[in-house]
Structures are given as structure tokens and as C-alpha cells.
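> One structure, pasted below without further comment.
The values are calculated or read from the model by the stated rules, or taken from the named source; none is laboratory data. Model, not experiment: these values are computed from the prediction. Don't worry about glycine lacking a Cβ; one is built from the backbone with ideal geometry, like all the others, and counts go over all protein chains shown. The area values use the complete protein model at the heavy-atom level, side chains included, leaving out ligands, DNA and RNA. Shrake-Rupley method; radii C 1.70, N 1.55, O 1.52, S 1.80 Å.
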Amino acid sequence: MPSRDSYEVHKEEKSLVQKAKREANQEDILAAALGMRMGPQKPPATFWQPLKLFAYSQLTSLVRRATLKENERTPKSEKVHNFKVHTFRGPHWCEHCASFMWGLMAQGVKCADCGLNVHKQCSPLVPNDCKPDLRHIRKVYSCDLTTLVQAHNTARPMVVDMCIREIESRGLKSEGLYRISGFTDSLEEVKMAFDKDGEKTDISVNAYEDINIITGALKLYLRDLPVPIISYDAYPRFIEAAKLTDPEKKLEAFREAIALLPPSHSDTLKYLMAHLKRVAQNEEFNLMNAENLAIIFGPTLMRAPSLDAMTALNDIRYQRQVVELLIKKEDVLF
């Protein structure tokens, strides 16, 4: 009967053999991943070591993410990933399943907002936990509202806050506020400045004396949003609420519709309606009441999700009614 010492030695030798096999197998996998053909004579360890360090450095965080238990994950946010087909340079691993991404071109998809890399087939399985990174946000105008807000860690887009502050500081009594348009060239200049400089953009009276340029820049930002302030999902509920005749039921229906909006959209809508109410309160000077403002902002804040032209045309009057009631009842709806 073998002694305990010889048994331990045999166990240790067996463990070393298994470890050597695992390392050899890892080398074969790496070689296959890099498209290398290995003959009987394998490269020396000095070749494999840097390659291992490179591969393992990428895999460490990916494997950790893939093996996290559900209750250990961070809470899901409202932001879905903005995946685009991508061609990766060098070896890459899927950050969802931790498997290698094969191919020379279009190996997978990359989130344009946070940089997450996954297989195309894994993308539908990824939780809606996108955390936008400013390094990936190339513009302010035409950028998804939730993406911009989360990237800058603000309650609302800085464009909305900055323009409204400027308008209220020097323009509430300006005749035809929001009805009169600024010069197109100046509007494009403000848009480019926000895209380039963000919150450092100068929209003061020294830069733009005409307040209509600032109101035009705000309206342009709202029109350019990929998803309107009143989102496509909530749009039908707002239209249905506008058609109700009973005042109490109408207000309740509006509250339910507002609750369907993403948090960033709801906060922005609330801030904007409070501003437009202050504009309407200065009607004596600017000649802009809630109805006039609603005519302007209805199509700006709401866009019919249906491509049917007749449906969109029929909804125009209800869009105006929605915005008019939001302005008048801002204090009880939000």
C-alpha cells in the first residue's frame, strides 16, 4: 500500500500535468483566435507571455461581468444601448458572454453611447443599463435626450437650461417671443457652438443681441431630438387625454400620460412648461398667450409615431390642445 507522502507527491505531479495541459490548450486557443497555425515546434515562452498578458487583461473585466449574479448587478436604468455594427482591430471578446468575437470585419456591435462591445446575437440579451460616456458623445443637437442627460449627469439637457435662463433674464417682454424666428445663419452658429463647446457656449447678449436667435436655437434643439420630448410611446395617451371632455378625467388622463415619459423627458417637459407659463403671464408685453405658444410648440414637442399623413394631420389640433393644457395646468400636473 503506497505511503501518504508518495500519494501527495503523485497528486501534486498530476496537478502540474493538468496545469500544463490547460496552459497548452490556452495557447492553442489564442493561436486559433489570432489565425496562427502552430506546428509541432511551438514558439518559446518569451513569445507567449506578452500575448497572454494582453489577452488576459481584456478578458478579466469581461469574464467578471459575465459571471456576476443577477442580484449583484447594478440596478437597470432606463437607457437602452445604441448598438452599431463595428469592425474591431485586434482580438476582442464579447462583454456579455465573454466569448471571442470571430472574423476580420463586422465582428460584432458597439454601443455608440457607452462603448460596450458585444456579439450581434448577444445584443438583444444585454440589459438596458447603458451609461453614456462623454468620450463617445460627439454632438449635442440631434443626440438622444436621455443619452445627453446621463452623459453630463444633469437633470435636463444643458441647452434647455441655458437658453431658458437667457430668455428669462432679458426676453420675457419681447414682442412675438418664440413666434419671430432668428437669422438662419446665426441659429446654425449657435448649434455648432453647443456641439463643440457644450455648457461653455456663449449665448449672452454680447454674443447674440437678438433674443429670437436664442428662442430659435431652443426650438431647433427640441425639433432635432431623435425621440421627441413627448415620446412616441406616450404620444397616443396624450392624444386620447386631449379628446376627453370631463375636466377631472382629463387631468387624471394627463397625469397617467406624463407618468409614461422617461424621467429625463418628464423633467425637461416640466421645466419647459413652467417657463412657457411665465412667458404667457407676460402676454401684455410679448403678445404670446398659452394658445399661441401651444400652436408653436405642439408640433415641436410631439410627433405622430404613425407615418400616415392623414393621421398626423388630424392630430395637429390635439397636439395644440395638449401643450396648451400642459402650460395652463403646469402647477397641478407636475
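> To the nearest 10 Å², what's Arg278's accessible area with a 1.4 Å probe?
80
> Each residue of region 257-272 in order: what ³J(HN,Hα) in whole Hz does its phi give by Karplus 6.51 cos²θ - 1.76 cosθ + 1.60, θ = phi - 60°, with x for Gly and Pro?
3J(HN,Hα) across region 257-272, in whole Hz: 5, 4, 5, 7, 6, x, x, 5, 5, 5, 5, 5, 4, 4, 5, 5.
> Keeping to pairs on different chains or 8 or more places apart, tell me how many lysine pairs in region 177-334 have Cα atoms under 23 Å apart.
The number of close lysine pairs in region 177-334 is 24.
> Once phi is turned into ³J(HN,Hα) by the Karplus curve 6.51 cos²θ - 1.76 cosθ + 1.60 with θ = phi - 60°, what whole-Hz value does each residue of region 222-237 show in order, with x for glycine and proline?
5, 5, 7, 4, x, 10, x, 3, 8, 5, 4, 5, 8, 3, x, 5
> I'd like the distance separating the alpha-carbon centroids of region 115-181 and region 297-319, in whole Å.
23
> Run the dipole for region 126-271 about the Cα centre, Lys and Arg Cβ at +1, Asp and Glu Cβ at -1, nothing else charged, and hand back the magnitude in debye, nearest 20.
200
> Given a cut-off of under 8 Å on Cα pairs at least six residues apart, what relative contact order in percent is computed for region 194-271?
Computed over region 194-271, the figure is 25 percent.
> So, counting K/R as plus one and D/E as minus one, what does the shell of residues with Cβ under 11 Å around Ile164 add up to?
My count for the surroundings of Ile164 gives 0.
> With all protein chains present and a 1.4 Å probe, how do Ile164, Ile137 order by accessible area, largest first?
Ile137, Ile164
> Using a 1.4 Å probe and ignoring any ligands, DNA or RNA, find the accessible area of Thr87 and quote it in Å² to the nearest 10.
60
> Kindly report, to the nearest 10 Å², the accessible surface of Asp202 as traced by a 1.4 Å probe over protein heavy atoms only.
That residue has around 90 Å² of solvent-accessible surface.
> May I ask for the percentage of alpha-carbon pairs in region 156-248 that lie more than 17 Å from each other?
Roughly 55 percent, rounded to a whole number.
> May I ask you to work out the translational diffusion coefficient for region 172-220 at 25 °C, viscosity 0.890 mPa s, via Stokes-Einstein with Rh from the Kirkwood sum over Cα pairs, reported in whole µm²/s?
224
> Also: Please compute the contact order of region 92-210 in relative form: average sequence separation of alpha-carbon pairs under 8 Å and at least six residues apart, divided by the residue count, as a percent.
About 18 percent, as a whole number.
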